[in-house]
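Have a look at the structure below, then the notes.
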Amino acid sequence: MIPLSWYLILAAALFSVGLFGVLARKNAIAILLGVELMLNAVNINLVAFWRYGSLASIAGQVFAIIVFAVAAAEVAVGLGLVISVYRRRNTVVADELDLMKW
Amino acid sequence: MTAIQIIFILSALVILGAAVMVVSTKNLVHAALYLVATLFGVAVLFALLDATFLTVVQVVVYIGAIAILFIFAIMLTRREMRDQGEQLNGGWGAAALIGLLTFGGLFLLLGNWRGFGATAAALPSGFDGVVELGTALVSTDAFVLPFEVASVLLLAALIGAVYVAGTKK
Amino acid sequence: MTFWSDPINFVAQWLRDVFTGWGWSSGLANAITLLLGALVLISFAMVLDIFLVWIERKVVARFQDRLGPNRIGPFGIFQPFADIVKLIIKEDITPAGADKLVYNLAPILSLTSVLLLWAILPLAATIYGTDLNVALLYLVAAGALGTLSIIMAGWSSNNKYALLGAFRMVASMVSYEIPMVVALLIPTIITGSMSVREITLAQGDGGVWFFIVAPLATVIFLISAIAELGRSPFDLNEAESEIVAGFHIEYTGMKFGLFYAGELLHAFTFGGFLAILFFGGYRFFGLENLHPLVGAVIFLVKALIGYWVIMWVKYTVPRIRIDHMLGFNWKFLTPLSLVVLMVTAVLNQVLAGTETWVYALVMFLANVVIGWITLEALRAYSRSQRKAEEPVVSSVAQAAHH
């Protein structure tokens, strides 16, 4: 039998790796990859809490599905923005996108 | 060591190993493919947690749409066919420290929770997760409102993405 | 549970007893039995694939008014073995600058995504891999894995034409997943479950085959299945006259063989799903109750007929251009499938308690009405297009007169 702690530790580790990816990468798309890792960690947590806790209420799975929808929407718009910026400034390195700096 | 535990440990190794490769590899297309491996490991984890609908939706939505979108975006925004140069920015040491602190903090926070070592209750017989989920998503005293709001959000994202990324004459 | 009534479970139980007799723990015995079962299923699918290569070449030959292979064995039946030997002894070239791991992984992933589908295909009432309660979404998920393998192949070949072919192919496959999911939702609504076994059971014992209850869904599923397969008329990828061979330009020898065999097996599997979802699966007016193997034979015959229809479309209709293909999907197929879904859902609730023949008749008439309205709309649209072009034509003709 798998205790709940294994799932929670795995989700925490995945979240931390995603956080490192967001903070330490130069490329804007690589930052979005880190965000995806964090969202997956959240999903693992939600479904694990549903399974090990409130089996009667399906709120855990519903929340996970809403997270799927939000992640898809965010990736679509985010990558659209990155492609649009690339067309204009020919770069996707986050440090070089400093048009609004004074 | 039951078979379920072995499957969990294998998929956990795949998830964490691929996640570390995602954030540290220089070649961005490889990073996207390692993300696919991570997402597949998470799908296996959902199957272990008896959330069968979420398993297939994870594969269809994340791997079949989001990961492919990432690969397209990576291929459309590269200047040469190969990636060069350092991919980690200057503050990666601080970022690693923050990551470790986050993990430690979460571990301590959850470890003091009394339900930390809980084992799974058996599923009630005749439990059909898909039927329960479907009923909950459309019944008025459950989650129909978040469901409809999520669909409006997706519509807004669709229009926004088409407008932002469309070629302007 | 004798061998005759339930062969798979009988053999599985016997194997488990043998393994525990050798002193293994029951968990390990179960795991090894399941692995052996998966191996048997995969072997059956691959042997069937060899047979499919022969069928494909004979049928295409007949459509093109020639004989096809007829030298190796009676009626050329050993031709696939000659093909296999030829592919194995070919030189295995990896293009310079190709990404080796991804390049080698792509054909394996492509074939795996097809073999994964055989886990949910019920060959008979008691011969099936597993009974998932989300089987129809699993079908779409396996298609998503195939899409991923195509883009891996296209990118790792380090070749502009491969990449272009892969982009086009993936764009069309992802687009055509939507009418396919909606067309798959219609048997789900009628049955009340996404399980393939439930859908097959709902089509017998006083039920009607679903192609009578939902003919438009059958057609939409067929069209989007052909687009998902990447076969003609949607085979922009393999357009030899346009972009050489698309994403598998750089693949030689057995790697190309894996892509080719995977495509044929995928076509046959979709023929099988067409048979299961809309034409009753392994049922045939009670014949399948004699013995499971009779049911399996009935299913294979129906799947072959479905595969033959897919081949018929491939060798008859010319190729469609990529922008026409995507326009057809987004401007015609998706709205049509959504309308059919809404009408089916509403009628399903309205006719909830009626008898089967009333239900079937009303649904069939509703589909006919939707189809007729669609045809009228298309006719009006093409008439308006023709009128818009007329003044240009007549003014050019007048200018030519003067």
Of the residues that make up the stretch A:1-13, is at least one surrounded by 21 or more Cβ atoms within 10 Å (Cβ to Cβ), at the interface with another protein chain (Cβ under 7 Å from one of its Cβ atoms), in a helix (DSSP H, G or I) and within 10 Å of the chain's Cα centre (by Cα)? no
Among the helices (runs of 4 or more DSSP H) contained in the stretch B:41-154, which hold 2 or more residues that are within 17 Å of A:Leu8 (Cα to Cα) and more than 11 Å from chain C (Cβ to nearest Cβ)? B:92-111
Exactly one of C:Thr334, C:Thr344 is assigned to a helix (DSSP H, G or I), within 22 Å of C:Asp235 (Cβ to Cβ) and touching a helix residue (DSSP H, G or I) at 6+ places or on another chain (Cβ under 6 Å), and that residue is C:Thr334
Only residues that are facing chain A (nearest Cβ under 9 Å) and either modelled with pLDDT under 90 or farther than 17 Å from C:Asp99 by Cα (or both): list them for the stretch B:23-34, please. B:Val23, B:Ser24, B:Leu28
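Here's the yes/no breakdown for (1) under 30 Å from C:Ala135 (Cβ atoms); (2) without any contact (Cβ under 8 Å) to a residue 24 or more places away in the chain; (3) touching a Leu at 6+ places or on another chain (Cβ under 6 Å):
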position: B:Thr102; (1), (2), (3): no, yes, yes
position: B:Gly105; (1), (2), (3): no, yes, no
position: B:Pro124; (1), (2), (3): yes, yes, no
position: B:Val131; (1), (2), (3): yes, yes, no
Going by the structure shown, is C:Tyr161 part of a helix (DSSP H, G or I), farther than 25 Å from C:Pro179 by Cβ, among the aromatic types (Phe, Trp, Tyr) and touching a residue at least 60 places away in the same chain (Cβ under 8 Å)? yes
Out of the residues in the stretch C:114-146 that are touching a Leu at 6+ places or on another chain (Cβ under 9 Å) and free of Cβ contacts under 8 Å to residues at least 40 places away in the same chain, which is farthest from the other protein chains (Cβ to nearest Cβ)? C:Leu116
Identify all residues within the stretch A:84-102 that are assigned to a helix (DSSP H, G or I) and either facing another protein chain (nearest Cβ under 7 Å) or free of Cβ contacts under 8 Å to residues at least 60 places away in the same chain (or both); write none if there are none. A:Ser84, A:Val85, A:Tyr86, A:Arg87, A:Arg88, A:Arg89, A:Asp95, A:Glu96
For the stretch C:1-98, give me every one of the helices (runs of 4 or more DSSP H) that falls completely inside it and has 1 or more residues that are crowded, with 16+ Cβ neighbours inside 10 Å and among the polar types (S, T, N, Q). C:26-63, C:79-88
Just checking, which of B:Gly111, B:Gly64 is surrounded by fewer than 20 Cβ atoms within 10 Å (Cβ to Cβ), among the small types (Gly, Ala, Ser) and closer than 22 Å to A:Val47 by Cβ? B:Gly111
Given the criterion under 13 Å from the mean Cα position of the chain (by Cα), facing another protein chain (nearest Cβ under 7 Å) and either over 25 Å from B:Ala37 (Cβ atoms) or crowded, with 19+ Cβ neighbours inside 10 Å (or both), identify the matching residue among A:Leu81, A:Leu37. A:Leu37
Take the stretch C:333-382 and flag every residue that is exposed (fewer than 11 other Cβ atoms within 10 Å of the Cβ) and either under 14 Å from C:Pro215 (Cα atoms) or among the polar types (S, T, N, Q) (or both). C:Gln349, C:Trp372, C:Ser382
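The values are calculated or read from the model by the stated rules, or taken from the named source; none is laboratory data. Quantities reported herein were computed from a predicted structural model and do not represent experimental measurements. For neighbour counting, all protein chains shown are included, and Cβ atoms are generated from backbone atoms with ideal geometry for every residue, glycine included.
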